[in-house]
Amino acid sequence: MKNSNPLRYSVLYSLCCYLPLRLLGKVRFETHSIGERISAADASPHTVFQEISILVGKGRPLRGGAVLEVVFHASRVSAATVERWTNATIPYFAGLPGFCNKKFMIDREAGTFAGQYEWETVELAQAYARSYATKTMAWVSSPFPIHYTITDRTTNKVVQAS
C-alpha cells in the first residue's frame, strides 16, 4: 500500500482525520508504559513520558506491522519546551494514514527525545519518515542529525535506517 498522494501527508489532512477520531473517543492516552526505559534507534535508553493509541472495535488499540523509532536533539528549543508542546503536536501526526500508536520518550541528561511509532505497514512508516513531521524534527535537532529505524514486525528486521 504505497501512498503517492502528498496531500495525505499534510498537516491539514492529519488534523482533519484526527479530530473525528478524538471526538468519537477513538484516541486513548495510555499510562501503562509511563516511566518505562526504552532504547530507540540504537540510542541510550529514554524514559516514556506519554503514550497515545488509536482504538478500533471495542476499544482495542490498533496494531500495525511496522515500528519506526526516531531520536532527535532539542537543540533549537529547550527540552522543557519540546515536552510541553507534546500534546499540541499529536493532531499533526495521529491522523496520518496507518498511524496506530506512539510512545513519547526523553533522556533529560542528553537533551534528546525519542519516539516509538507503530504504523500499519512498512510503506506507511516510510512515508512518515519522508514527511513534514521528520523534517520538523530535523529542524529542531539541527545541527545534530536525527536518527531513525523502521522495523518490519513480521520479520523483526530493520528495513530502513538513517
Ignoring everything except DSSP H segments at least 4 long, calculate the 222 nm mean residue ellipticity for the chain; use -39,500 (n - 2.57) per segment, divide by total residues, nearest 500.
-7500 deg cm²/dmol
Quick one: the Cα spread of the stretch 36-80 along its three principal axes, in angstroms, biggest first?
41, 23, 19
When 1/r is averaged over all different Cα pairs and the result inverted, which Kirkwood radius in Å belongs to the stretch 1-156?
15.7
Using only the heavy atoms of the protein chains and a 1.4 Å probe, how would ILE146, ILE90, ILE34 rank by accessible area, largest first?
ILE34, ILE146, ILE90
Dipole check, the stretch 48-114, charges on Cβ (K,R +1; D,E -1), about Cα centroid: among PRO61, THR112, PHE72 the Cα furthest to the positive pole belongs to PRO61
Can you tell me the dipole magnitude for the chain around its Cα centre, using point charges on the Cβ only (Lys, Arg +1; Asp, Glu -1), in Debye to the nearest 20?
480
Rounded to the nearest 10 Å², the 1.4 Å probe accessible area of SER142 is 40
Under 5 Å, built H, 5+ apart or other chain: amide partners of VAL27:
LEU55
So, taking all protein chains as they sit and a 1.4 Å probe, how much accessible area belongs to THR149, in Å² rounded to tens?
10
Sequence-separation-based contact order of the stretch 1-71, relative, with Cα cut under 8 Å and 6+ spacing, percent:
25
Whole number in Å², please: accessible area per residue of the stretch 84-124, 1.4 Å probe, ligands, DNA and RNA not counted.
37
What does the stretch 6-49 give for Rg and for Dmax, in Å, if only its C-alpha atoms count?
15.2, 37
In cubic angstrom per residue, the convex hull of the stretch 66-136 built on its Cα atoms measures 78
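The values are calculated or read from the model by the stated rules, or taken from the named source; none is laboratory data. Computed from a predicted structure; not experimentally measured. In this analysis, Cβ positions are derived from the backbone assuming ideal geometry, glycine residues included, and neighbour counts consider all displayed protein chains. Ligands, DNA and RNA are excluded from the accessible area calculation, which covers all protein heavy atoms including side chains. Shrake-Rupley method; radii C 1.70, N 1.55, O 1.52, S 1.80 Å.
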